[in-house]
Amino acid sequence: RVSLLGMAASPGLQTRASSSAPSPVSAAATARAPALGRLLAAVAVAALAACAAVALRARARIGTGVAWGSASSTRVVSPDELSSHGSEARRVWLSVLGSVYDVSSGEFYTSGGGYAFFAGRDATRAFTTGEFEGEGLSDDVDGLTPAQCKGLVDWRAFYEEHETYTRVGVLRGRFYDAQGSPTEALQRVHAQAAEADREDNARKERSKRFPACSSRWTKETGSVLWCEGGKVPRRDRGASKKGSARCACFEVAYTVAHPELEVFEGCEPHAEKCNLTRADSD
């Protein structure tokens with residue numbers, strides 16, 4: 001994805017304890033103190049548990065893309081209100097996937113900053129295409145790939161979890177309706193992002209099951225590939241993005257059942273080790 005900003009630490013919950021010196025009390029008050037202390041401690045524990053539950057629900061919403069809070073409690077921002085918080089405004093806002101954030105603390109978005117073009121608008125598409133001018137600064141997500149949609153969800157999570165940027169609400173328009181509920185357009189993005197996650201997980205599992213070949217190159221021998229444990233090298237396209245290939249090790253029986261796995265030029269079909277021809281070395 002377009003690398004616009006550095007990493008941001010995820011905010012966490014912090015509690016602060018305070019204490020004060022005891023004042024003189026009567027004997028009766030002293031007798032009641034342990035019971036009162038236990039009651040106050042119980043109230044404090046319950047309050048902390050409630051805060052933790054709120055934080056966990058917030059993290060769940062970040063992962064699924066659900067609006068912050070219920071539709072009835074979510075602030076719905078109009079396009080005109082968002083545009084009034086451009087790069088020269090006192091409070092600078094931007095929107096990604098319809099989620100509006102106050103980014104005033106970031107000098108990147110103020111007038112003259114490197115990313116000022118994001119201020120006061122929803123330029124969701126540009127976060128994944130890198131087109132930062134004209135029609136590229138759009139919230140149109142039609143035609144984006146699952147991987148690009150996943151990148152957009154990741155960018156939204158970046159702003160959601162940022163230490164100093166704060167969530168304002170949701171933008172009425174392409175991704176949220178006038179009541180603050182997600183639209184079909186946003187749900188399609190989430191579905192595409194989930195598909196990308198499944199594809200990534202499948203590639204990772206395939207890489208575990210079929211490990212990469214060992215390789216060596218010398219001027220005398222050229223490129224040499226080999227596998228161990230009776231496995232044989234094959235050109236594998238199933239564990240890489242965009243159809244690129246890697247050398248992976250497979251059981252012989254598996255290669256017989258999957259003839260689409262390509263034998264490298266210079267390799268015997270059942271050989272564990274082989275010297276590549278110049279075509280495959282290049």
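The values are calculated or read from the model by the stated rules, or taken from the named source; none is laboratory data. For clarity, every value in this text was computed on a predicted model and none was experimentally measured. We place every Cβ from the backbone using ideal geometry, glycine too, and count neighbours over all the protein chains shown. To get the accessible areas, we keep the full protein, side chains included, count just its heavy atoms, and leave off ligands, DNA and RNA. Shrake-Rupley method; radii C 1.70, N 1.55, O 1.52, S 1.80 Å.
Could you tell me what percent of the accessible area of the stretch 151-282 is made up of carbon and sulfur, with a 1.4 Å probe and every protein chain present?
49 percent
Relative contact order of the stretch 141-282, please, whole-number percent, based on alpha carbon pairs below 8 angstrom and at least 6 residues apart. Present the calculation step by step, with values, prior to reporting the outcome.
Working: 184 pairs, mean separation 25.5, N = 142.
Answer for the stretch 141-282 is 18 percent.
Quick one: the Cα spread of the stretch 111-195 along its three principal axes, in angstroms, biggest first?
Result, largest extent first: 36, 26, 24 Å.
Treating only the Cβ of Lys, Arg, Asp and Glu as charged (+1, +1, -1, -1), what charge dipole size does the stretch 133-253 show about its Cα centre? Round to the nearest 20 debye.
Values: 21 positive and 20 negative charges, 189 e Å.
Dipole about the Cα centre, nearest 20: 900 debye.
Order these peptides, 86-97, 215-226, 152-163, by their mean beta-carbon neighbour count within 10 angstrom, highest first.
Most protected by this proxy first, the peptides run 86-97, 152-163, 215-226.
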